[in-house]
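A short reminder: the numbers here are calculations on the coordinates, not readings from a lab. Treat the numbers as computed from the prediction; the structure is a model and nothing was measured. Glycine gets a Cβ as well: all are built from the backbone with ideal geometry, and neighbour counts include every protein chain shown.
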Amino acid sequence: MNLVQEGLALGIPAPGPDAHQRPSAARIHRMWFGTEGALPADEDLARKILSAFPCEPAAAKINRAHHLLITEALAARGISQVLDIGCGDALPRPQSGDGLLFAQNTHDVVQQHSRSASVIYVDIDHDVVARRRSLLDHAPTASRPKAVLADVTDMARLLTRLVADGHLTHDRPVAALLHDVLPWIPDDARVRDALAYLRTWLPPGSALAITHATADFSPTWVERVQDVYGEEGIAFRPLDRQSITSLFGDWGDLYGGPVRTVPTARHQRNHPFATVPDYVSAAYAGVAIKPQ
Ligand SMILES: C[S@@+](CC[C@H](N)C(=O)[O-])C[C@H]1O[C@@H](n2cnc3c(N)ncnc32)[C@H](O)[C@@H]1O
């Protein structure tokens, strides 16, 4: 079965004939890291986004640096099953500027702690999954990560499939990383239902890590970005702090106490952008642990 057939079987429509004439949020995300593959339609929209919110590439990098730090922290805690949901594929060449940091994959970080750890990349975008798969073809077979096409809002089907295929087990904790994926889903209720299902399903000791765009620090800029994407038919939906915090349910914080949702660059003390103003990240981060 090819990727398009795989998607159709999961209810994910095949990319339309004009897919490459229209901009894609996943390809624009790559552009902020200098990764190749942007098309003219992406470049046009990227220019409009930059004029609405010049900090957008910095915001993407803040998010990515946080992703790598949290992956490291959870792997160091001994979690050896990692679901990278809405993984994207913005992987610059190691030699390009700050590429050395951002060229790291989730599995590169996790497998420094456990060679046999299971890492599963999940995305709804056919191109992202195809690129991830071709990259993973070169990974060592014993611990080869998987890349699957799935819609995060179809959580029950995703988890059932991963268990049936032997990629995930319910016997030990899982780190579910949802970094900058939920703002791209227009339906609030579906997001809440998917997260509720995930929290119920995950074994005790599992981690839920979320970053989410917000307009709390710079409403005018973020609303302009939302309008620019909206004009191209791309849903982008920032949330306020309280709505983002509610996605963690009643789980406690990674470091104890109630879950903290803080501006992304300030979540981890050793974040390389820890001193930038909050409006630059335009997002909150939180990490919660399922009680035993
Ligand atoms: C901005 S990128 C985030 C990349 C990465 N998580 C990071 O933090 O650097 C958002 C990704 O979410 C994916 N995405 C959007 N909606 C999704 C959905 N419903 N299910 C799964 N992935 C989705 C997009 O295709 C895109 O690759």
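When the chain is fully extended, how far beyond the present Cα-Cα distance does ASP187 get from LEU8, taking 0.36 nm per residue of separation?
So the chain would gain 62.4 nm between ASP187 and LEU8.
If I take R0 = 22 Å and measure r between the Cβ atoms of TYR197 and LEU50 in this structure, what FRET efficiency does the formula 1/(1 + (r/R0)^6) give, to the nearest 0.05?
On the way: r = 37 Å, r/R0 = 1.67.
Given R0 = 22 Å and the Cβ-Cβ separation, E is 0.05.
Given 0.36 nm per residue, what is the gain on full extension from ASP18 to MET1 after removing their alpha carbon distance, in nm?
Length gained between ASP18 and MET1: 3.8 nm.
Among VAL4, VAL109, rank each residue by its count of other Cβ atoms within 10 Å, from fewest to most, as a rough exposure measure.
Going from least to most buried by this count: VAL4, VAL109.
Which value at 222 nm does the chain reach when only helices count, each DSSP H run of 4 or more adding -39,500 (n - 2.57), with the total divided by all residues and rounded to the nearest 500 deg cm²/dmol? Mind dumping the intermediate values first?
Numbers: 12 runs with 115 residues, N = 292.
Result for the chain, helices only: -11500 deg cm²/dmol.
Is the shape of the chain best called rounded, prolate or oblate, per the rule: a/c under 1.5 gives rounded, else a/b larger than b/c gives prolate, else oblate, with a ≥ b ≥ c the square roots of the Cα gyration tensor eigenvalues? Before the final figure, lay out the partial values.
Numbers: a/c = 1.34, a/b = 1.11, b/c = 1.20.
Rounded shape, in that the Cα axes give a/c under 1.5.
Using only the Cα atoms of region 108-209, build the gyration tensor, take square roots of its eigenvalues as a ≥ b ≥ c, and label the shape rounded, prolate or oblate: rounded if a/c is under 1.5, else prolate if a/b is larger than b/c, else oblate.
Because a/c hits 1.5 or more and a/b fails to exceed b/c, region 108-209 counts as oblate.
Using Cβ contacts closer than 10 Å as the measure, can you line up LEU91, LEU168 from fewest to most?
LEU91, LEU168
Given the peptides 123-136, 9-22, arrange them by the average over their residues of other C-beta atoms within 10 Å, most packed first. Can you show the working numbers first?
On the way: 123-136: 19.4, 9-22: 11.9.
Highest to lowest by the protection proxy: 123-136, 9-22.
With a/c under 1.5 counting as rounded, go ahead and sort region 1-135 into rounded, prolate or oblate using the C-alpha gyration tensor (a ≥ b ≥ c being the square roots of the eigenvalues; past the cut-off, prolate if a/b is larger than b/c, else oblate). Working shown, then result.
On the way: a/c = 2.24, a/b = 1.20, b/c = 1.87.
Oblate, since a/c reaches 1.5 and b/c is not below a/b.
Quick one: if the Förster radius is 22 Å, what FRET efficiency do ARG269 and LEU100 give, using the C-beta to C-beta distance and rounding to 0.05? Numbers along the way, then the final one.
Numbers: r = 21 Å, r/R0 = 0.96.
So the FRET efficiency works out to roughly 0.55.
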